[in-house]
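The next block holds one structure in the form of structure tokens; read it before the comments.
The values are calculated or read from the model by the stated rules, or taken from the named source; none is laboratory data. The model shown is predicted, which means the values in this text are computed figures rather than measured ones. Please note: Cβ atoms are built from the backbone with ideal geometry, for glycine as well, and neighbour counts cover all protein chains shown. The accessibility values were calculated without ligands, DNA or RNA, using every heavy atom of the protein model including side chains. Shrake-Rupley method; radii C 1.70, N 1.55, O 1.52, S 1.80 Å.
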Amino acid sequence: AAKDEGKNRFMIFENRMHEQLLSRIDQEARLREAVGRGELRLYLQPVAGLPDGRMHGAEALVRWQDPQRGLQQPGSFIPLAEETGMIIEIDRWMLREACRVVRQWQDLNPPTAPAFVSVNLSAAHLELADLTEQVSIALAETGLSPHCLVLELTETVLMRDVAVTSSRLEELRRLGVKIAIDDFGTGYSSLGYLRDIPVDVLKIDRSFITGLVGNGRQQELVSAVVQLGHTLGLRVVAEGVEDGDQLTLLTVMGCKFAQGYFLGRPEPAATLYERLNAQVLTP
Ligand code: C2E
Ligand code: MG
Ligand code: MG
Ligand code: MG
């Protein structure tokens, strides 16, 4: 009987693995159609200027309105998209959509419009020979000024091959586009790459902001990173600001930009637009 039980347990295990595999194959097939079916959504999260806390720019964050499972966060489909190469198509759509929406906003209501939009790119993009051309086409077709576009890449991606990365980024910067290091501090950062890789913006990872209050050592560290960034002529953005005390500390440190739930959650571009423009129209 013990032997049968073991066998049953194995079969249950096997069935579960089988289900997971099927569900993954199914998700992959649906994701493949998502762009063409118009299921991707552009969300925007404000990047605030300090000390006033008003929106200065915005980060574009993708969501997938999956007809079967509802609204999906990037964590549930970006890894699959990266593994399968679908990320290229997704990011291309996001880039174009972000440029289009922000340009339209700047046309309709310049005083409330974001001065820049930040778009995330995955590792695969740096290997594309026509990345600069793609970006330049998106700008030309939407009419967004290159100075209003920031491309975000994580530290780990930037450090893969410093020579290739640097020349690719230089090409992009010659268009007038800015480059940001995303999630700064989480990779195996080395000061060498800050010297060698041409970037404009440094985004301090959320993990350094969580627990900032009451931790003197962490405050010294963040403060030093802010100073270092400014010394190198970079714009420094603190990510993941969730309360007023964190914001106060960052302001005192001289940090000039912040992003986080306390300042505004990611939301559909249309509702953000409506909210900010209603604020302006209501005296
Ligand atoms: P990220 O680029 O570092 O974006 C910031 C993430 O932190 C977003 O998660 C945002 O919703 C979240 N966040 C912002 N403020 C706070 C806060 O105060 N507290 C907490 N706990 N979280 C906060 P999201 O939208 O789930 O995106 C996760 C990651 O997925 C992004 O991290 C980015 O790496 C990737 N991603 C998102 N959209 C795209 C895209 O269009 N293309 C690519 N390649 N990657 C994307
Ligand atoms: Mg999220
Ligand atoms: Mg980002
Ligand atoms: Mg980040």
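Can you give me the number of residues within the range 186-230 that are more than 14 Å from LEU153 (Cβ to Cβ) and either β-branched (Val, Ile, Thr) or at pLDDT 90 or above (or both)? Final tally of qualifying residues: 26.
The set of residues from the range 21-80 being among the acidic types (Asp, Glu) and within 30 Å of VAL237 (Cα to Cα) comprises ASP52, GLU59.
Residues that are within 19 Å of the chain's Cα centre (by Cα), crowded, with 18+ Cβ neighbours inside 10 Å and more than 16 Å from ligand 4 (Cβ to nearest atom): list the strands (runs of 3 or more DSSP E) wholly contained in the range 131-221 that include at least 1 such residues. Steps first, answer last, please.
On the way: elements: 149-154, 178-184, 201-204.
Of the strands (runs of 3 or more DSSP E) lying wholly inside the range 131-221, those with at least 1 residues that are within 19 Å of the chain's Cα centre (by Cα), crowded, with 18+ Cβ neighbours inside 10 Å and more than 16 Å from ligand 4 (Cβ to nearest atom) span 149-154.
If you check VAL177, VAL237, VAL199 for being within 16 Å of ligand 3 (Cβ to nearest atom), touching a residue at least 60 places away in the same chain (Cβ under 8 Å) and under 30 Å from GLU133 (Cβ atoms), only one passes: VAL237. Within the range 183-203, the set of residues being out of contact with any Leu (no Cβ under 9 Å at 6 or more places or on another chain) and at negative phi comprises THR186, TYR188, SER189, SER190, GLY192, ASP196, LYS203.
Looking at this structure, is LEU247 within 14 Å of ligand 1 (Cβ to nearest atom), in a helix (DSSP H, G or I) and either touching a Pro at 6+ places or on another chain (Cβ under 9 Å) or under 22 Å from LEU121 (Cβ atoms) (or both)? Walk me through it before giving the result.
Numbers: within 14 Å of ligand 1 (Cβ to nearest atom): yes; in a helix (DSSP H, G or I): yes; either touching a Pro at 6+ places or on another chain (Cβ under 9 Å) or under 22 Å from LEU121 (Cβ atoms) (or both): yes.
The answer is yes for LEU247.
If we scan the range 258-279, do we find a residue that is of a type in the set (Phe, Trp, Tyr), open to solvent by 20 Å² or more (accessible area, probe 1.4 Å) and assigned to a helix (DSSP H, G or I)? Yes, the range 258-279 contains a residue that is of a type in the set (Phe, Trp, Tyr), open to solvent by 20 Å² or more (accessible area, probe 1.4 Å) and assigned to a helix (DSSP H, G or I).
Kindly indicate whether PRO111 is away from ligand 1 (no atom under 14 Å from the Cβ) and open to solvent by 20 Å² or more (accessible area, probe 1.4 Å). When the stated conditions are applied, PRO111 passes them.
Could you tell me which residue of the range 114-127 is most open to solvent (accessible area, probe 1.4 Å), considering only residues that are within 16 Å of ligand 3 (Cβ to nearest atom) and not small (Gly, Ala, Ser)? Ranking the qualifying residues of the range 114-127, first place goes to ASN120. The set of residues from the range 114-130 being within 13 Å of ligand 1 (Cβ to nearest atom) and in contact with a Leu (Cβ under 9 Å, 6 or more places away or on another chain) comprises VAL117, SER118, VAL119, ASN120, LEU121, SER122, ALA123, HIS125, LEU126. Listed here are the strands (runs of 3 or more DSSP E) enclosed by the range 12-102 that have at least 1 residues being open to solvent by less than 50 Å² (accessible area, probe 1.4 Å) and within 16 Å of ligand 4 (Cβ to nearest atom): 40-49, 55-66. Among the residues making up the range 229-257, those that are open to solvent by 60 Å² or more (accessible area, probe 1.4 Å) and β-branched (Val, Ile, Thr) are THR231, THR248, VAL252. Scan the range 118-130 residue by residue and report those that are of a type outside the set (S, T, N, Q) and assigned to a loop (DSSP other than H, G, I, E, B). Passing the criteria: LEU121, LEU128, ALA129, ASP130. Only a single item in (1) near ligand 1 (Cβ under 10 Å from one of its atoms); (2) in contact with a helix residue (DSSP H, G or I) (Cβ under 6 Å, 6 or more places away or on another chain) is not met by ALA269, and it is number (1).
Filtering the range 131-179 to residues that are β-branched (Val, Ile, Thr), in contact with a strand residue (DSSP E or B) (Cβ under 9 Å, 6 or more places away or on another chain) and modelled with pLDDT under 95 leaves THR154, THR156, VAL157, THR165.
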